[in-house]
Each structure stands twice: as C-alpha cells, then as structure tokens.
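Some notes on the structure that comes next.
The values are calculated or read from the model by the stated rules, or taken from the named source; none is laboratory data. Please read all numbers here as calculations on a predicted model, not as lab measurements. Using ideal geometry, Cβ is built from the backbone for each residue, glycine included, and neighbour counts are taken over all protein chains shown.
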Amino acid sequence: MLEILTRAGSFVAIIVLGFVLKKIGVFREEDFGVLSRITIRITLPAAIITSFAGKQIDASLLLLLFLGIACGVVYILLGFLLNRRNSREQQAFDILNLPGYNIGCFTMPFAQSFLGPMGVIATSLFDSGNAFICLGGAFGVASSVKDGRGFDFGRVVRALSRSVPFVTYILMVLLNLLHIRLPGMVLECAGLIGGANSFMAMFMIGVGFRLSLGDRGQLGKILRILLVRYGVAAVFAVIFYFVLPFDIQVRQALVILAFSPIGTAVPPFTAELGGDAGLSSAINSMAIVISILIYVVLLGVML
C-alpha cells in the first residue's frame, strides 16, 4: 500500500507542479496544446509500442476493443435518454460530456506502474475502442442531435485516421497477430521516449487544470454529470471484475479503466459544437481529482 501511495503521490505532485508553474507564469494556458501534442503524438505512441514488444495477444482479448466502444455507447444513450425533455443543446452537451475515457494521458501511466505487461495490453486494447467514441463518435452523435442532421460517419473515420495513438494501437495489434517483430533499435528508441510518457501526461494535466465552483447553477450541472458518470462506472466495474471471463490482471485493468476520467478531447469538441467549453473543462478537471482518489483506493484493495 505504501508503494501505491508513494507512486500515486508522485503523479499528483507532478500535476500540482504543472498547475503551480502555470499560475506563476512559467507556462501559459496556451502551452497546454503544445504539451498535449508532444504527449499524444510522441510519448504515448512510443509507450504503446513498448507495451506490445515481446508480448503475444490472446485473440480473446480483442473483445476488449469492442468493450471500449460499448461502454461509450452506453453513456451516449444515457445522455440522450436523460435529456428527452430538455433542449437539444443540453442533450448534445450530455451526449458529448458523459462518454469517453482519458486513458492515454491518465490511466496508462497508472497501468504502466501497477498493472504489469498484460494489464498495459488490456488497457491499450480497450483504449482502441474508446478512441472511436472520444475522438469522433460522440461528437458525431452530439452534432447530429443538436442540428437535427444525420450522423456523419465519414467525419468520425477522418478524425480517427488523424489520431496517432489510434493508428499506433491498430498497427501494433496487427503486427502482433501476424507475429511480426519490430527491429531492436526501434524498440530501444521507443522505450526511451515512452519512459517519459508518465511525466508528460501528468504535467500536461496540471498545466491544463481548470476549476471554477463559484456559480451554484454550474456546480449543480457538474455534480449531475459526475454522479451519472461514476455511478455507471461502479456498475461497469462490478461486471468487469466478477462476470467477465478474463485473467485477474485483465479484470483489474478493466476496473481501473471503468473509473478513468473524461477524455481531454471533450472540452475542445464542446467548444466546436458551440457548447459551454468552460463548464466542460470544469467537469473534466473535477473528474481527474475524483479518479485519482478512486485509483488509490482500488489499487490498494486489488493489489
């Protein structure tokens, strides 16, 4: 338990460091975009490559990819059903802000530190499906609901094709299934770069952290989204751990994944949709705090 608290405390300290350096002017809020691009396009893909190196994927684990999609679909349906009597704008906001997991920049560092190689692979496969939802799927549904248009599947495909982590996931799964190994020099370089992913991901979260609870109306909206999000997550976690027929390491990873915070792409998508990006950012930041606390408890109980 002490090791878990120490490592989790280190992650929190890095987040606080990023937040403090932004507050004193060493970094600006605009720098979040640069840090995000470095993390998502360089260190995270390298970490994904390293996690697959020398590991053979059981074909049954490919179900995790579809599980990542299914979880997102459940949240999208809830966003639609819970707002049947509300405006299209409110319905679109919930459809966009309930689903999607921040796995690459938040959960992956925890998986690398605590869950072992099989846990990292399970996390990667689940995130491949999650990417379909948080990098275009939820936005496509939300925009069609708000505008009354049909769902633009082509837009989702274009968004996914530009996602470096998603393309890396798919490529590494295919190479693994075909038993093709990358050259040792590539793996050595990927290991060196991927080793920085935990720091970069947590530091980026700190620089981008925003939270304002002054408006009671805003606070009520934040709590409503988070109660639905983590209430459903608890149901998912119970099903993942006690029902699914996977090894214990995989089931532990799925429980952690169920409580991942909302994806970092959600606030920008909310802004693009003409929604309240400030509220979305506040929900996103609060979810990070809640997920850290839950992770410490869960890791202490399961490991």
* Of all residues in the range 19-54 being among the β-branched types (Val, Ile, Thr) and surrounded by 20 or more Cβ atoms within 10 Å (Cβ to Cβ), the one that is nearest to the chain's Cα centre (by Cα) -> 40
* Structure fact -> The condition of being free of Cβ contacts under 8 Å to residues at least 60 places away in the same chain, more than 12 Å from the chain's Cα centre (by Cα) and in a helix (DSSP H, G or I) holds, among 171, 125, only for 171
* Is it fair to say residue 111 is buried (at least 24 other Cβ atoms within 10 Å of the Cβ), aliphatic (A, V, I, L, M) and modelled with pLDDT under 85? -> no
* Asked: Of the residues that sit in the range 55-64 and are under 20 Å from residue 114 (Cβ atoms) and surrounded by fewer than 22 Cβ atoms within 10 Å (Cβ to Cβ), which one is modelled with the lowest pLDDT?
  -> 55
* To do: Need at least 2 residues that are among the β-branched types (Val, Ile, Thr) and under 21 Å from residue 195 (Cα atoms) per element, so show me which helices (runs of 4 or more DSSP H) inside the range 1-118 make the cut, counting only ones lying wholly within it.
  => 2-23, 31-38, 44-52
* Asked: Is it true that some residue in the range 133-147 is over 15 Å from the mean Cα position of the chain (by Cα), under 22 Å from residue 64 (Cα atoms) and surrounded by fewer than 17 Cβ atoms within 10 Å (Cβ to Cβ)?
  -> no
* Is there any pair linking a residue in the range 190-205 that is within 23 Å of residue 262 (Cα to Cα) and in contact (Cβ under 8 Å) with a residue 40 or more places away in the chain to one that is among the basic types (Lys, Arg) and not in a helix (DSSP H, G or I), with Cβ under 6 Å and at least six apart or on different chains, and which? -> none
* Which ones in the range 18-46 are of a type in the set (Asp, Glu) and free of Cβ contacts under 8 Å to residues at least 60 places away in the same chain? -> 30
* Structure fact -> Of the conditions (1) closer than 26 Å to residue 238 by Cβ; (2) touching a residue at least 40 places away in the same chain (Cβ under 8 Å), the single one that residue 81 does not satisfy is (2)
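Got a sec? Which of 133, 170, 121, 193 is at pLDDT 85 or above and over 30 Å from residue 17 (Cα atoms)? Lay out the reasoning, then the answer.
Numbers: 170 fails: at pLDDT 85 or above; 121 fails: over 30 Å from residue 17 (Cα atoms); 193 fails: over 30 Å from residue 17 (Cα atoms).
Being at pLDDT 85 or above and over 30 Å from residue 17 (Cα atoms) holds for just one of 133, 170, 121, 193, which is 133.
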* Where a residue in the range 217-233 is within 11 Å of residue 286 (Cβ to Cβ) and its partner, wherever it lies, is part of a helix (DSSP H, G or I) and among the β-branched types (Val, Ile, Thr), with Cβ under 7 Å and at least six apart -> 222/283; 225/283; 226/283; 226/290; 230/290
